[in-house]
Every structure is written in C-alpha cells, then in structure tokens.
Amino acid sequence: MKIKNMAVIALFLPAFCLAQDNHNALPYSLLDDPFFSESSLTISLRNYWKYLKEDAANPKNVHAAWGQGIGLDYKSGYFADIIGFDLSYYGAVKLGASDYFDTRGILYKAGQENKKGNAQGFSKFGQRYVKLKLSDGAVKSALHGGWESLPNFGVVNTSRRLSPITYLGWNGVAQLGAVGLRTAWVSGSLDRSSPQKMHFKTNSGQDIDHIATGEIFYHGDRVKLNYAVGESDGYLRRQQLFLSGNVTPHLSVGGQFYLTRALETYRSMPAPRRDFDRSAHHYALEMTWKKDKLRSRWGVAWTRAEKENAVGFYPRHMSRHSFGNFISLASAGDDYMRDKELMVATMTDYRFTPTLLAGVAVNAGTIRYQGLNIHSGEASLYGRWSPADPALKNLSVWVMCGPGWSYKNVRRTPVLQHGDYRRSHTLSGEVIIDYRFKLL
C-alpha cells in the first residue's frame, strides 16, 4: 500500500474515535446535526483466492491470484437535510500469484507482461462523491457527483474482487412509490484491481469520451420490471429489459432481453477486433423455486451475434474498463454467448443447517459450426458458511470449485482438425472470506 494513503487512514480513524469520546464536550449544535449524528464508518475485510487451469487457446496455463483486501466506507448524514458526502478507501496486499494472474481481477498488474513478478497490491480512495437530497416527500430524488460504484445501474454495473469498479461522473434518481427513474453520465473508471484512473476504450484501444444511460423501473410486490437504454459514445448502443414476477409463494419466473447495436466507431474497427459485425442480441428465461431449505434456479438462453467468417459473440460490457449490467446465467467467462448458441444452467442448493448452505452449479451450451455440434460446459460444487455466534454475524466463507470442458479456439472460433473440433478442459476454484463490522 502507498505510505501516504496509509498515513491518511492512520489519522482518519482516531479522529472519528475522538469525536465519539468527546461527544459531550463539543457544541450540541454541531454534533447533533444529522450530518454528524447520522454518519457511519464500516470496515470490511476480504481474503480472495481465485484459480483457473485451462488450455483453450494456448498450451495448458494456470491463472491464479490471492490477496487480502481492506475497505473503509464512510457515509455522512445530510447537512441542512440537503448535502452530504461519502468516502471509501480500498487497500489490497498480494499473498500469491501465478503467471496470467491478471485475468482473475484481484491484483494490480504493474507492468506490460502478465507475469507473476508484476503482481502487486494497491491502495486507493475508490469512492468519493457529493450527494444532494433534492426531495424526501412522496417523490424521493437525489443527485450524486464524483467517483462512485454503480451496482445494476442502467446498462452499467459494478463488479467486485478486493475492491469494486467505480466510475467518475454524476447520477440521479427519482422515485414515486414503486415507480422510478435513474440516469447516469460517466467518463472514466477505477478498475477493481487497479489504483489508476482509466479512460473507456474500444477493443482497438481508442478512447471513448463517456457512457450515458437511463432506466425506468417498477418494483411492485409481485412484479419487477426494468427497462434501460445506454450508449458508449459513438461505439455501442444498448437496450435491455428485465422482467420478473412471483407466480406462487414458491415459484418466480423472469426474462432478460439484451439488444446491442454497433455504432460508427465500432464498425470502423478491423474485423479481428469486433465481437460481432452489426448487432448482437441475447435472450434469457429463468425460473426460481424456493421451499423450506431448498432453492433451485434454472435458466435457458439464446444468443444471436453474426460475424462473417468467424463465430460472433455478445459482449457483456459497453467498453473496455467498464462493466456491463448483465444478469443472465450465461455470464460465465467467455462461454455461452456465442452466435446461435443455446445454453441451459442451474444453481441448486440446500441449507443443511442455519449456518451451512451447499449446492451445485451446472452450465452447458452448444453451437453449430461448419456442420459440427460443438459443446461446452462446467459443473461446480459450492458452499457458504456463516457462523451463528453473534460476535461473528458478519463473517462468511464461500468456496466453489469444479471442472469444465470446451474447445480449442482462436478468438473464440473453433480450431478444426481432421474434420472435428479439438476439445479443451478447465479446472476452476475460488475461496472468499468476508468479515465486516461498524466503527460508527
């Protein structure tokens, strides 16, 4: 971690502790203002190990990274019931890495080559934004400006390893009952494994000025609907519709529809840099059954992403250095979203005790290429343990591992040999230990 940031944290914590200890000694009008009295400070600790062994595009490679992260999240109240600010610090310490560690999104790559010697920890203030409460009556509305994570916000999203992806820009929300409107304009990002501000870029490395998105939603007791549009300036334009509802107390169903169109900057890229030629669509239907200690989620999806003389692909993200809002069960790596690919998936688990949940996740997909049915898939066991001791109520341990199978490829296009495709195999795993507690 950088010394200067650690020094800030060292000063930051005692200041809050001193404020609490001297509550009665400071002026009533200052400490009892909601800006201070409704503030909070939370510490989160995360230990993350992520592993992949694969031979799809190269000889067998191992991609592995292991790190320890810390997050400090301060949220103020509102001064004069109008203005406040939030500030989040994230640090990461390298515990281990292999070559190709950068694909795991855990450690900072401090060099051009993806070699384990370039794996480092990082330190950054990932979130720092001003928040304005515009109204708090029947219509609730707010405006934020600065660096902020944007989970499931229009066509963008936040992914987290040891820290979350955060975006620079502004966003606003207005809500009346179950109906709401959200909009955002962002011009850069801090990646989940980097302290460096990044411009959004095309697949060929050109800068993209901004990403803009808007969303209207209805979140009722039985039905939820989200419709969003967005554009990465001159590059990609996207529409998406999420719909889910409760059919019975135990059964819910839903669908997701993603429509993405190439704009001028995208179409002008060389063909090898394009995931698809003109447009790409992804359609997903899902069903979730919950009863007592059993939960089972099932999904089926279909992708259309034409590309001349190659296998096209639906891109989840609106640019490089951004993360797309993509909640389909087909979101595993680069699989299951190829042109004309049909996939099925399930995540089924059982809560054996109040503290222990375990289950199985299976994905399988198939495409047709030059007269061949080409299959890929994976099967994993997973479990989560959360201790019952009240002192450890915010501790959880997540474990997931399992094998997979796919095909040898060059830029996702199958490599054929003697009239058949060449098979590849994977082995993946991850362990995540989370613990969080409040100081204020």
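The values are calculated or read from the model by the stated rules, or taken from the named source; none is laboratory data. Since this is a predicted model, take the numbers as computed values, not measurements. All Cβ positions, even for glycine, are placed from backbone atoms using ideal geometry, and neighbour counts span all protein chains on display. Ligands, DNA and RNA are excluded from the accessible area calculation, which covers all protein heavy atoms including side chains. Shrake-Rupley method; radii C 1.70, N 1.55, O 1.52, S 1.80 Å.
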**OP:** Skip the ligands, DNA and RNA, and give the accessible area per residue of the range 56-207 with a 1.4 Å probe, whole Å².
**Re:** 42 Å²
Subject >> Under 5 Å, built H, 5+ apart or other chain: amide partners of Y369 >> reply: I374
Original post:
What is the spin-label model distance, in nm, from T265 to R423 if the labels are put 7 Å beyond Cα along the C-beta direction?
Top reply: 4.3 nm
**OP:** Work out the FRET efficiency for D55 and D434 from their Cβ-Cβ distance, taking R0 = 25 Å, and round it to the nearest 0.05.
**Re:** 0.20
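So what is the 222 nm mean residue ellipticity for the chain from helices alone, if each DSSP H run of at least 4 adds -39500 (n - 2.57) and you divide by all residues, rounding to the nearest 500 deg cm²/dmol? The partial results should precede the final answer.
On the way: 4 runs with 31 residues, N = 440.
After summing the helix terms and dividing by residue count, I get -2000 deg cm²/dmol.
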**OP:** Express in nm, to one decimal, how much length is gained between L356 and L243 on full extension, taking 0.36 nm for each residue of separation and deducting their alpha carbon distance.
**Re:** 37.6 nm
Original post:
If you plug each phi of the range 131-136 into the Karplus form 6.51 cos²θ - 1.76 cosθ + 1.60 with θ = phi - 60°, what whole-Hz ³J(HN,Hα) values come out, in order, with x for Gly and Pro?
Top reply: 10, 10, 8, 7, 7, 9
Subject >> Total formal charge among the other residues, if their Cβ is under 11 angstrom from that of I83, Lys/Arg +1 and Asp/Glu -1 >> reply: +1
**OP:** Give the accessible area for S193 in Å² (nearest 10); use a 1.4 Å probe, count only protein heavy atoms, and leave out ligands, DNA and RNA.
**Re:** 10 Å²
**OP:** With a Förster radius of 30 Å, plug the Cβ-Cβ distance of D221 and R278 into 1/(1 + (r/R0)^6) and report the FRET value to the nearest 0.05.
**Re:** 0.15
**OP:** Give the distance, in whole Å, between the Cα centre of the range 92-111 and the Cα centre of the range 183-219.
**Re:** 23 Å
Original post:
With all protein chains present and a 1.4 Å probe, how do F242, F352, F276 order by accessible area, largest first?
Top reply: F352, F242, F276
Original post:
Local charge sum around D207 (other residues, Cβ-Cβ under 11 Å, Lys/Arg +1, Asp/Glu -1)?
Top reply: 0
**OP:** Keeping all protein chains in position, work out how much accessible area I432 exposes to a 1.4 Å probe, and write it in Å² to the nearest 10.
**Re:** 20 Å²
Subject >> Acute angle (nearest 10 degrees) that the helix 3-21 long axis makes with the longest principal axis of the chain, alpha-carbon atoms >> reply: 40 degrees
Original post:
Residues with beta-carbon under 11 Å from that of A178, excluding A178: net charge, scoring Lys, Arg +1 and Asp, Glu -1?
Top reply: +1
**OP:** Kindly report the accessible area of the range 219-336 per residue (heavy atoms of protein chains, probe 1.4 Å, no ligands, DNA or RNA), in Å².
**Re:** 51 Å²
Subject >> Accessible area of D55 in the full protein assembly, 1.4 Å probe (Å², nearest 10) >> reply: 30 Å²
Subject >> Distance between the range 347-406 and the range 278-315 - C-alpha centres, whole angstrom >> reply: 17 Å
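Please list K224, K307 from largest to smallest accessible area, probe radius 1.4 Å, with all protein chains kept in place.
Highest to lowest solvent-accessible surface, that is K224, K307.
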Subject >> Protein-only accessible surface order, largest first, of V399, V155 at 1.4 Å >> reply: V399, V155
